[in-house]
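Structure first, commentary second.
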Amino acid sequence: MAALVVEVPRWDPLPVRLASAGAALDGLVEQIEHVQAAGAGVPQVAARLREVDRLITRWQAVRLALVRAADTADVASGSGASGTSAWLAGRSKTSGAAAAADVALAGDLATSLPVTRQAMSAGDVPRESAAVIARTMRDLPAGLSAERRAAVEQRLVARAREVSPAELRRLAARAVEAARLSAREVAAHEDRVQRSEEERARARTRLSWRDNTDGTTDLWATLPSASAAVLVKAVQQMTAPRRAGRAESDGHSTSTGQQAPTGQPAPTGQPASTVKQPARPASAQERPTAQERANERGLAFADLLEHLPTDRLHGKVAATVVVTMSLAQLHEATGNLGTARLDTGHAVSAGQARRLACGAGVVPAVLGGASLPLDLGRAGRFFTEAHRTALATVYDTCAARDCDRPYAWTELHHEDPWATLGPTDLAKAVPLCGHHHRRVHDPTYQHAVTTDRTGRKQVTYTRRT
């Protein structure tokens, strides 16, 4: 008599746990609105927001683990999809590029990034930072031992817990120092990574347009970041709020809206006043809407195009970009490795920086051993454009905590007020956007200024009780 064999399906607890988590979310929005109506303070709201962000990161780690499981099981073949990325894009209603990035990151986390995977599962490292770590690890020198690779990953994860993904990306090139390589090996690696990125950027560069037959033309462009930075900074300088050609009475430096940035000549070689700042709508004098700001930028861009030097297109552009590099890098014979930093926050290879210096509006800020500008003035009655240029080697954004408004929009505030005999000293200059500058002088707020070991200042605000 044949024995009857019954296969009992393996119990999968995941659906039950997902349903339980979903039930926990039910009504949560209404509960938050109730707490808000009850008058929760800023610290309580901030703490809850941080915890929600941690939970979102943990859910993203769960999702990437499922993506990896789907890729390993080749579920795409059962649906007729061309691959896991295409299958995921259809299931998640995301773009093909985003799905491919998820599949790649899920594979890296599962196979070669144990520390990153653990940190993301705990909610300590967001998905964007995990992607930066994965890309950095893929770019490491091929001959690096497993022990040294692990040291680099640990360094990156530690920094990812402290800084934003954008800042982590800027720091990532130097993370190879954790592998105990020589200074020249670190510089060579950094240079190789940066040059590879620049080559990929050039390969992806595109420009297309369409005449709308209504007096307008649509443009679509993908540019290398270093090239786009020149355009972006020029437009930002022309449209920055509260910078309309007047000097502040309290000694704060402003940029003249009626001239090219930092006092450089207009592209045509004519007086700078020929490049006009676009007229701002009356309703935008105080707080322009997003649409009005976009219109201002478009008008500024059109104005720049109309003043291109068509008789000598090889000439300099009407924007000054500050390139920070060491004295050795300035000389091609000795400084052909490593990277330089633009005041817009972008990194370029040392060779690219030297090329920019030949044909663009570039001010090289040569640094000494203590990273202090060697050739820029320090003191005076008013903050000057020299001060602004020097600080561009330190700041990419407003110095207020969590503010991402670009440095080009800022005004220089005296850390020690001039009215109380505070000096107009480079070490006491604090770049603040218009909003946060007004907050400094608002009696309903108090502020604190801290300075890190690099000399960069951060301003935090609290409402007075």
Of the criteria (1) at pLDDT below 85; (2) within 25 Å of S129 (Cα to Cα), which one A201 fails: (1)
What are the pairs with Cβ atoms under 9 angstrom where one residue, in segment 160-174, is within 14 Å of I133 (Cβ to Cβ) and among the β-branched types (V, I, T) and the other, located anywhere, is open to solvent by 60 Å² or more (accessible area, probe 1.4 Å) and modelled with pLDDT of 85 or more? Sequence gap at least six, or different chains. none
With R54, R50 as the choices, which residue is out of contact with any helix residue (DSSP H, G or I) (no Cβ under 9 Å at 6 or more places or on another chain), part of a helix (DSSP H, G or I) and exposed (fewer than 12 other Cβ atoms within 10 Å of the Cβ)? R50
Collect the residues in segment 421-453 that are touching a Cys at 6+ places or on another chain (Cβ under 9 Å) and hydrophobic (A, V, I, L, M, F, W, C), keeping them in residue-number order. L432, C433
All but one of (1) open to solvent by 20 Å² or more (accessible area, probe 1.4 Å); (2) among the charged types (D, E, K, R); (3) under 22 Å from the mean Cα position of the chain (by Cα) hold for E147, so report the exception by its number. (3)
Flagged in segment 104-135 as surrounded by 18 or more Cβ atoms within 10 Å (Cβ to Cβ), more than 20 Å from the chain's Cα centre (by Cα) and of a type in the set (V, I, T), in numbering order, are T116
Whichever residue in segment 222-235 is more than 22 Å from S196 (Cβ to Cβ) and open to solvent by 40 Å² or more (accessible area, probe 1.4 Å) and, among such residues, is nearest to the chain's Cα centre (by Cα): V232
Test: V394 is surrounded by 13 or more Cβ atoms within 10 Å (Cβ to Cβ), closer than 21 Å to A240 by Cβ, in contact with a His (Cβ under 7 Å, 6 or more places away or on another chain) and among the β-branched types (V, I, T): no
Which of the residues spanning segment 29-47 are at pLDDT 75 or above and open to solvent by less than 70 Å² (accessible area, probe 1.4 Å)? A46, A47
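The values are calculated or read from the model by the stated rules, or taken from the named source; none is laboratory data. What you see is a predicted model, and the numbers here were worked out from it, not measured in a lab. Because the Cβ atoms are built from the backbone with ideal geometry, glycine has one as well, and the counts that use them run over all protein chains shown. Each accessible area value is taken on the protein alone, full model and side chains, heavy atoms only, with ligands, DNA and RNA left out. Shrake-Rupley method; radii C 1.70, N 1.55, O 1.52, S 1.80 Å.
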